[in-house]
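**Student:** Structure incoming, see below.
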Amino acid sequence: MSYTQDFEQWKESIENVPSKEVKLPHLPIDDFVAATETLAVDANEDREALTAAGMDTTLIDDLTPLSGALRYCQANWMSIFRAREEAQNQWYEQSPFAYELRNELLHDFSFAYRDIDDVKKKVMRIREGGSNADMVQDLLELAILGEKYPEPLAAIQFNPEKLSQARALSHTMSELLAAANGAAGEGNEAKVLRDKAFTLLAEKVRVIREYGQYVFWKDPDKLKKYYSQ
């Protein structure tokens, strides 16, 4: 069965894990899943002894497919996380030029519209705010303003291509900013599913290990298999 099929099998159970019970992974997911898959083999060999102690052996049967579901959730989250990292890198590379263009436009507009009070006030308002989101919006508003009042700009030999450049750059940077910030929060759906899948699997692992430690307390070789590495 594929990891996708494993996830589809466990999707409803994963989604139904109460948010207040969600635990964050305490070690890399790959390491945790590998240890869980090993536990599944060991526990299956000891199925009769664990059953005799009262353990529900469906826990053993759940380990492998639920591990696959967790791998699926982890891969999905990491693809989003890496896309966010790439967007952040692109933002860091391109934002200095965007800020420079915004500052140049503000400089040009402040001079060109210095004697036109209502337009001058608009330029002053655009100048307010210094966040990344402000910069993205400023580029668009400056482009619109310059297109609406072209004559004063022409009088100072302003290059009108800068307006088209500002409009296009605003669109590009807005997409990068959204991508860079979109997966950052703890509430990201893919991350929540990953954490819920981990929580569900970790609880099954905990119960099996407890039974194993109880049953094989006098058998050192078997006992060590039921302790978390």
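The values are calculated or read from the model by the stated rules, or taken from the named source; none is laboratory data. Computed from a predicted model, the values in this text were never measured in an experiment. Positions of Cβ are backbone-derived with ideal geometry, glycine not excepted, and every protein chain shown enters the neighbour counts. What goes into the accessible areas is simple: the full protein's heavy atoms, side chains included, and nothing from ligands, DNA or RNA. Shrake-Rupley method; radii C 1.70, N 1.55, O 1.52, S 1.80 Å.
**Student:** Please go through the range 147-186 and give me each residue that is polar (S, T, N, Q) and not in a helix (DSSP H, G or I), ordered by number.
**Tutor:** Step one: filter the range 147-186 for residues polar (S, T, N, Q), giving 157, 159, 164-165, 170, 172, 174, 181.
Hits for the range 147-186 are Gln157, Asn159.
**Student:** Moving on. Please verify whether Ala52 is open to solvent by less than 60 Å² (accessible area, probe 1.4 Å) and not hydroxyl-bearing (Ser, Thr, Tyr), treating the condition exactly as stated. First the steps, then the outcome.
**Tutor:** Numbers: open to solvent by less than 60 Å² (accessible area, probe 1.4 Å): no; not hydroxyl-bearing (Ser, Thr, Tyr): yes.
No; evaluated as a whole, the condition is false for this residue.
**Student:** OK, next. Only one of (1) part of a helix (DSSP H, G or I); (2) touching a Phe, Trp or Tyr at 6+ places or on another chain (Cβ under 6 Å); (3) more than 30 Å from Leu177 (Cβ to Cβ) is not met by Met55, so which one is it?
**Tutor:** So Met55 meets the others, but not (1).
**Student:** When the range 23-52 is examined, which residues are found to be outside any helix (DSSP H, G or I) and modelled with pLDDT of 95 or more?
**Tutor:** Our first condition is that a residue be outside any helix (DSSP H, G or I); within the range 23-52, this holds for 23-28, 46.
Passing the criteria: only Asp46.
**Student:** Scan the range 104-123 for residues that are under 14 Å from Gln165 (Cβ atoms) and within 37 Å of the chain's Cα centre (by Cα) and jot them down. Give the derivation first.
**Tutor:** Applying the first criterion (under 14 Å from Gln165 (Cβ atoms)) to the range 104-123 yields 104-105, 108.
Hits for the range 104-123 are Glu104, Leu105.
**Student:** So for the range 44-53 (the condition being without any contact (Cβ under 8 Å) to a residue 40 or more places away in the chain, of a type in the set (S, T, N, Q) and in contact with a helix residue (DSSP H, G or I) (Cβ under 8 Å, 6 or more places away or on another chain)), does at least one residue qualify?
**Tutor:** Yes, there is a match, as at least one residue in the range 44-53 is without any contact (Cβ under 8 Å) to a residue 40 or more places away in the chain, of a type in the set (S, T, N, Q) and in contact with a helix residue (DSSP H, G or I) (Cβ under 8 Å, 6 or more places away or on another chain).
**Student:** Still on this structure: Go through the range 147-172 and give me each residue that's surrounded by 14 or more Cβ atoms within 10 Å (Cβ to Cβ) and within 25 Å of Trp91 (Cα to Cα).
**Tutor:** Lys162, Leu163, Gln165, Ala166, Arg167, Leu169, Ser170, Thr172
**Student:** Taking the range 92-146 on its own, how many of its residues are open to solvent by less than 10 Å² (accessible area, probe 1.4 Å) and not in a helix (DSSP H, G or I)?
**Tutor:** 1
**Student:** Can you find, within the range 55-78, the residue that is farthest from Val215 (Cα to Cα) among those that are free of Cβ contacts under 8 Å to residues at least 60 places away in the same chain and open to solvent by 60 Å² or more (accessible area, probe 1.4 Å)?
**Tutor:** Start the filter on the range 55-78 by keeping residues that are free of Cβ contacts under 8 Å to residues at least 60 places away in the same chain, which leaves 56-58, 61, 64, 78.
If we keep only those that are open to solvent by 60 Å² or more (accessible area, probe 1.4 Å) as well, we get 56, 58, 61, 64.
Working: Asp56: 14, Thr58: 17, Asp61: 19, Thr64: 22 Å.
Going through the qualifying residues, I end up with Thr64.
**Student:** Working only within the range 188-223, note down all residues that are over 23 Å from Asp61 (Cβ atoms) and in a helix (DSSP H, G or I). It would help to see each step written out before you state the result.
**Tutor:** Of all residues in the range 188-223, those over 23 Å from Asp61 (Cβ atoms) come to 188-192, 195, 217-221.
Listed by number, the residues that qualify are Glu189, Ala190, Lys191, Val192, Asp195, Pro220, Asp221.
**Student:** Output yes when any residue across the range 9-17 is of a type in the set (Ser, Thr, Tyr), surrounded by 14 or more Cβ atoms within 10 Å (Cβ to Cβ) and either without any contact (Cβ under 8 Å) to a residue 60 or more places away in the chain or not in a helix (DSSP H, G or I) (or both), and no when none is. I'd like the intermediate steps shown before the answer.
**Tutor:** Going through the range 9-17, the residues of a type in the set (Ser, Thr, Tyr) turn out to be 13.
Adding the requirement that they be surrounded by 14 or more Cβ atoms within 10 Å (Cβ to Cβ) leaves 13.
Subset that is either without any contact (Cβ under 8 Å) to a residue 60 or more places away in the chain or not in a helix (DSSP H, G or I) (or both): none.
No, that holds for no residue.
**Student:** Let me ask you something else. Would you check if Lys23 is under 21 Å from Glu189 (Cβ atoms), touching a helix residue (DSSP H, G or I) at 6+ places or on another chain (Cβ under 9 Å) and surrounded by 14 or more Cβ atoms within 10 Å (Cβ to Cβ)?
**Tutor:** Numbers: under 21 Å from Glu189 (Cβ atoms): yes; touching a helix residue (DSSP H, G or I) at 6+ places or on another chain (Cβ under 9 Å): yes; surrounded by 14 or more Cβ atoms within 10 Å (Cβ to Cβ): no.
No: the conditions fail for Lys23.
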